[in-house]
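Below you'll find the structure, written out as structure tokens, and then a few comments.
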Amino acid sequence: MNFYPILKKEIRSYFTSLIAYIILTVFLILSGHFFYTGLVQFVTWGGASMQEGLWQYLFHDIRQVLLFTIPLLTMRLFAEEKKLGTIELLFTYPYRDIEILMGKFLACVVMLLVMLVLTLLYPVLIAIVYQVEVGPLAASYLGMFLIGSAFISCGIMVSSLTENQIVAALVTYGFILIFWFVDWNEAAASPVLAEVLHHFSFFEHFYNFARGIIDTKDVVYFVLFIFFFLFLTLKSLESRQWRGIR
């Protein structure tokens, strides 16, 4: 699959634009704030374990930061190409739709990895004075990567449907929040429906990762979510053929 030129182009466009650095700066400021306040609480509580007293709350907070930053990274992926009129030129290149999609998706995943790698400073600082268990920490980072990739897959699908970047970001926020809060009002649903909604909740499937536990059903959920929205994006790109756009 020849998606590397697209991947390289998209990564270059991220790191040559001001918005990517602004997003990284905002992400680090907010995550750093949550780390500091979480550390203060951990020290105050004294007897709490590191995983329950610091990492669990930190990764829940960073997950919320990703919710607000990822749509800003994905909104331009196809919407900008459509607005500038370069989408037609892109489709004339010898790349299949799946290669274009994967190049753009993986470029955004690289940005996600950069954001997460920068937060490794926090456990490194803690490890200087306190023993850090690698296993639970790795599980938490895996959860962050999966939920971040799920946000990206949703955002890239929405971006493929519009040429307005602001609309793309706002609709992506809407989709993510639906899956975020889908099971929060259990009292308004029947027990059976509440149980079904429970299985679609981002919050529910991320919870085990934040606790340092890797559950196969949670991994499968995020992987299927990612593939489903990438599939929808691919169908959105292919729709130009029956609309008469080559």
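Here are the numbers for the structure shown:
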{"read-out": "C108, sole failed condition from (1) loosely packed, with under 15 Cβ neighbours inside 10 Å; (2) farther than 30 Å from V40 by Cα", "value": "(1)"}
{"read-out": "Y122 being touching a residue at least 12 places away in the same chain (Cβ under 8 Å), under 21 Å from R12 (Cβ atoms) and either assigned to a helix (DSSP H, G or I) or among the hydroxyl-bearing types (S, T, Y) (or both)", "value": "no"}
{"read-out": "Residues satisfying the stated conditions in segment 162-203, i.e. over 18 Å from F225 (Cβ atoms), surrounded by 13 or more Cβ atoms within 10 Å (Cβ to Cβ) and at pLDDT 70 or above", "value": "T162, E163, N164, Q165, V167, A168, A169, L170"}
{"read-out": "Residue tally, condition hydrophobic (A, V, I, L, M, F, W, C) and either within 18 Å of the chain's Cα centre (by Cα) or not in a helix (DSSP H, G or I) (or both), over segment 80-119", "value": "16"}
{"read-out": "Residues of segment 204-225 classified as surrounded by fewer than 20 Cβ atoms within 10 Å (Cβ to Cβ) and under 22 Å from I62 (Cβ atoms), total", "value": "9"}
{"read-out": "Answer residue from segment 14-37, given it is touching a residue at least 24 places away in the same chain (Cβ under 8 Å) and among the hydroxyl-bearing types (S, T, Y) and is surrounded by the fewest Cβ atoms within 10 Å (Cβ to Cβ) among those", "value": "Y14"}
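The values are calculated or read from the model by the stated rules, or taken from the named source; none is laboratory data. Just so it is clear, the model here is predicted, and its values are computed rather than measured. In this analysis, Cβ positions are derived from the backbone assuming ideal geometry, glycine residues included, and neighbour counts consider all displayed protein chains.
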